[in-house]
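A.B. asks: I have a structure I would like to understand better, so I am pasting it below and will then ask my questions one at a time.
The values are calculated or read from the model by the stated rules, or taken from the named source; none is laboratory data. Keep in mind the model is a prediction, meaning the values are calculated, not measured. Using ideal geometry, Cβ is built from the backbone for each residue, glycine included, and neighbour counts are taken over all protein chains shown.
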Amino acid sequence: MDLKTLYERALEASSKTYSPYSSFPVGAAVLLADGTVITGTNVENRSYGLTNCAERTAIFTAVAQGYKTFTAIAIAAPKADYPVSPCGACRQVMSEFAPETVPVVFGSSWEQRVETTIGKLFPYDSLHELSEK
């Protein structure tokens, strides 16, 4: 699957948002090694600290289904004026389940996007020595 198709799946997921406080929908799609795509959306809570980002929703859903390795990640924030990158918590979670070479695309539209990798988003990743890999 190409990144554009994966981005379109993330954009579709953004329509399922629960964002009554920010009115800022975000969708994410993770591509698995077997070609499966798992999507997620942001889920807000009136106590903002309990809000979950789209990226983590998609990754946690994949893990709950038994997947632990991702080959690409796409994030769509269609109401943004510019490509909004993943937050620090999402970068940390993405780095837990994907090597630094995994492609990441994010944007407010396909025409207004950034294509990068997990390693470039999170260049000084650490603590991998704690992993049981």
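A.B. asks: Condition (residue is of a type outside the set (A, V, I, L, M, F, W, C) and under 23 Å from Pro123 (Cα atoms)) applied to the range 20-40: is it met by at least one residue? Step through it out loud before you land on a result.
C.D. replies: Our first condition is that a residue be of a type outside the set (A, V, I, L, M, F, W, C); within the range 20-40, this holds for 20-23, 25, 27, 34-36, 39-40.
Next, only the ones that are under 23 Å from Pro123 (Cα atoms) stay: none.
No: zero hits.
A.B. asks: Let me ask something else about it. Within the range 24-41, track down each residue that is under 22 Å from Glu111 (Cα atoms) and among the polar types (S, T, N, Q).
C.D. replies: Once the filter is applied, which keeps residues that are under 22 Å from Glu111 (Cα atoms) and among the polar types (S, T, N, Q), the range 24-41 yields Thr39, Thr41.
A.B. asks: Of Glu55, Glu12, Glu44, which residue is closer than 13 Å to Phe106 by Cβ and without any contact (Cβ under 8 Å) to a residue 40 or more places away in the chain?
C.D. replies: Details: Glu12 fails: closer than 13 Å to Phe106 by Cβ; Glu44 fails: closer than 13 Å to Phe106 by Cβ.
Testing whether each residue is closer than 13 Å to Phe106 by Cβ and without any contact (Cβ under 8 Å) to a residue 40 or more places away in the chain leaves just Glu55.
A.B. asks: Okay, moving on. Of the residues Ala33, Ala98, Ala89, Ala74, which single one is closer than 21 Å to Glu12 by Cβ and of a type in the set (A, V, I, L, M, F, W, C)? Can you show your working first?
C.D. replies: Working: Ala33 fails: closer than 21 Å to Glu12 by Cβ; Ala98 fails: closer than 21 Å to Glu12 by Cβ; Ala89 fails: closer than 21 Å to Glu12 by Cβ.
Selected residue: Ala74, the only one of Ala33, Ala98, Ala89, Ala74 that is closer than 21 Å to Glu12 by Cβ and of a type in the set (A, V, I, L, M, F, W, C).
A.B. asks: Take the range 2-25 and flag every residue that is polar (S, T, N, Q), closer than 14 Å to Ala74 by Cα and in contact with a helix residue (DSSP H, G or I) (Cβ under 9 Å, 6 or more places away or on another chain).
C.D. replies: Step one: list which residues in the range 2-25 are polar (S, T, N, Q), which gives 5, 14-15, 17, 19, 22-23.
Checking which are closer than 14 Å to Ala74 by Cα leaves us with 5, 14.
Of everything in the range 2-25, just one residue is polar (S, T, N, Q), closer than 14 Å to Ala74 by Cα and in contact with a helix residue (DSSP H, G or I) (Cβ under 9 Å, 6 or more places away or on another chain), namely Ser14.
A.B. asks: Checking Ser95 against (1) modelled with pLDDT of 95 or more; (2) crowded, with 16+ Cβ neighbours inside 10 Å; (3) out of contact with any strand residue (DSSP E or B) (no Cβ under 9 Å at 6 or more places or on another chain); (4) not hydrophobic (A, V, I, L, M, F, W, C): exactly one of these is not met. Which one?
C.D. replies: Answer for Ser95: the failing condition is (1).
A.B. asks: Just one of Ala77, Ala89, Ala28, Ala62 is on the phi < 0 side of the Ramachandran plot, out of contact with any helix residue (DSSP H, G or I) (no Cβ under 6 Å at 6 or more places or on another chain), among the aliphatic types (A, V, I, L, M) and in contact (Cβ under 8 Å) with a residue 40 or more places away in the chain; which is it? Show your work before the answer.
C.D. replies: On the way: Ala89 fails: in contact (Cβ under 8 Å) with a residue 40 or more places away in the chain; Ala28 fails: out of contact with any helix residue (DSSP H, G or I) (no Cβ under 6 Å at 6 or more places or on another chain); Ala62 fails: in contact (Cβ under 8 Å) with a residue 40 or more places away in the chain.
Unique residue meeting the criteria: Ala77.
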